[in-house]
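For reference, the structure discussed in these notes is given below.
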Amino acid sequence: MKLMNIEGHLRVSIDNVKPQIDCGKYPIKRTVNERVDVTADIS
């Protein structure tokens, strides 16, 4: 895992989070107890 040093703090980068609608402009919607699989690139 690649950590970035920003102002003396180590940070992780989380990109490409899915599912997304219109490049993340809108949140996805689900009903209570409906399963949703979430993926992301973490570096």
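The values are calculated or read from the model by the stated rules, or taken from the named source; none is laboratory data. Given the structure is predicted, the values throughout are model-derived calculations rather than measurements. Note that each Cβ is placed from the backbone with ideal geometry, even for glycine, and that neighbours are counted across all protein chains shown.
If you go through the range 1-29 and pick out every residue that is charged (D, E, K, R), modelled with pLDDT under 90 and surrounded by 10 or more Cβ atoms within 10 Å (Cβ to Cβ), you end up with 1. Scanning the range 6-43 for residues that are touching a residue at least 24 places away in the same chain (Cβ under 8 Å) and under 11 Å from the mean Cα position of the chain (by Cα) turns up Ser13, Ile14, Asp15, Asn16, Ala40, Asp41, Ile42.
Taking the range 22-43 on its own, how many of its residues are within 27 Å of Arg11 (Cα to Cα) and of a type outside the set (Gly, Ala, Ser)? Residues in the range 22-43 being within 27 Å of Arg11 (Cα to Cα) and of a type outside the set (Gly, Ala, Ser): 12 in total.
May I ask you to list the residues in the range 5-43 that are touching an Asp or Glu at 6+ places or on another chain (Cβ under 9 Å) and part of a loop (DSSP other than H, G, I, E, B)? Once the filter is applied, which keeps residues that are touching an Asp or Glu at 6+ places or on another chain (Cβ under 9 Å) and part of a loop (DSSP other than H, G, I, E, B), the range 5-43 yields Ser13, Pro19, Ser43.
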